[in-house]
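Since the structure comes first, as structure tokens, the remarks are kept for the end.
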Amino acid sequence: MPRYSPRTGVVHAAASPDRPVGAAGRPLSEPQAPFRQGRRGSGWGAGFLALVGLTGLLAAVLPCSARQDAARDPGLGRRAAIEAAGRRLVAAYPDHLAGIDGETLVWRDGTRMPLDDGAGPKSFADWLSRPDIEDMLRLAYPAGSPPVPPPADEDPGRARNAAFFDKMYGDCRSGGARHRLVEIVWLPRKAGQRLEVTTVNGVDKRLEAISHDLDALPETFDRYLVPSAGTFNCRPIAGTDRASAHGYGIAIDIATRHADYWRWSSP
């Protein structure tokens, strides 16, 4: 199902988990091209700046001598990757995160969360079902990639660490997300539809901004935009017991009648 990611201002043609992005308009990666189609194994929504393998990460964050040390000691390289992931999160969410302490993420209220669960490399299924915080940055989310089906299991940003998201946006199952919601008007001229989204990280303001822009498009686009199939909905991801991005108030579904969603297609 096509979905707009309010935190990046990009519309995506699938219904799947939204991706964390930096507060105050500072995404961890460049936005994905709009209206990208795909099937299973494709990533949708705003993206973490994922790490393109250990080599790419080390090249980006370590000087040459440090990369040479990491090559001699894989454990050193792994620690560097984990800490680099933590630093990227802190840079993206300065209002929420105070810093890192080794391989621990420290929130401004003193909450501490491990960046890595120590489980080592994970299969795609395990990465998706039980990611640690650092796992969420495992796959690259390329900017401006062509609208072609991605490889199987190439789904950047789809894995979400529940503890991180519950802390950031509130756990809807315990009522933690409800008090952070506000109503916005989706396409005031074309639809006037009232939708609930979170105020955390300015999601409501960003969705209002993109709604304004889409409202000005020619009417030939209306069938893809009106009506929205919804925003906040405290429910699990289809086929799992994991919270949907809709449960955090950070996702919107549109153009469901024109979607190509992998769960609806035959293998």
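The values are calculated or read from the model by the stated rules, or taken from the named source; none is laboratory data. Computed from a prediction, not measured in an experiment: that's the story for all the values here. Positions of Cβ are backbone-derived with ideal geometry, glycine not excepted, and every protein chain shown enters the neighbour counts. Just so you know, the surface numbers come from the protein's heavy atoms only, side chains and all, with ligands and any DNA or RNA stripped out. Shrake-Rupley method; radii C 1.70, N 1.55, O 1.52, S 1.80 Å.
Structure above, values below:
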{"item": "Number of the condition not met by Leu76 [criteria: (1) modelled with pLDDT of 95 or more; (2) open to solvent by 20 Å² or more (accessible area, probe 1.4 Å); (3) over 17 Å from the mean Cα position of the chain (by Cα)]", "result": "(1)"}
{"item": "Odd one out for Ala243 among (1) surrounded by fewer than 18 Cβ atoms within 10 Å (Cβ to Cβ); (2) closer than 21 Å to His96 by Cβ; (3) of a type in the set (A, V, I, L, M)", "result": "(1)"}
{"item": "Residue ranges of helices (runs of 4 or more DSSP H) in the range 130-228 with at least 2 members at pLDDT 95 or above and open to solvent by less than 30 Å² (accessible area, probe 1.4 Å)", "result": "162-169, 203-215"}
{"item": "Total residues in the range 183-223, condition within 29 Å of Leu137 (Cα to Cα), of a type outside the set (Ser, Thr, Tyr) and in contact (Cβ under 8 Å) with a residue 12 or more places away in the chain", "result": "12"}
{"item": "Any hit, the range 127-149, residues being in contact with a helix residue (DSSP H, G or I) (Cβ under 7 Å, 6 or more places away or on another chain) and either on the phi > 0 side of the Ramachandran plot or free of Cβ contacts under 8 Å to residues at least 24 places away in the same chain (or both)", "result": "no"}
{"item": "Residue in the range 101-115 that is least open to solvent (accessible area, probe 1.4 Å), counting only those that are part of a loop (DSSP other than H, G, I, E, B) and in contact with a strand residue (DSSP E or B) (Cβ under 7 Å, 6 or more places away or on another chain)", "result": "Leu115"}
{"item": "Residue under evaluation Arg88, criteria (1) open to solvent by 60 Å² or more (accessible area, probe 1.4 Å); (2) part of a helix (DSSP H, G or I), criterion not met", "result": "(1)"}
{"item": "First in the range 91-104 and under 19 Å from Arg78 (Cα atoms) and in contact (Cβ under 8 Å) with a residue 24 or more places away in the chain, second anywhere and open to solvent by less than 40 Å² (accessible area, probe 1.4 Å) and hydrophobic (A, V, I, L, M, F, W, C), Cβ under 8 Å, 6 or more apart", "result": "Glu103/Ile82; Glu103/Leu115"}
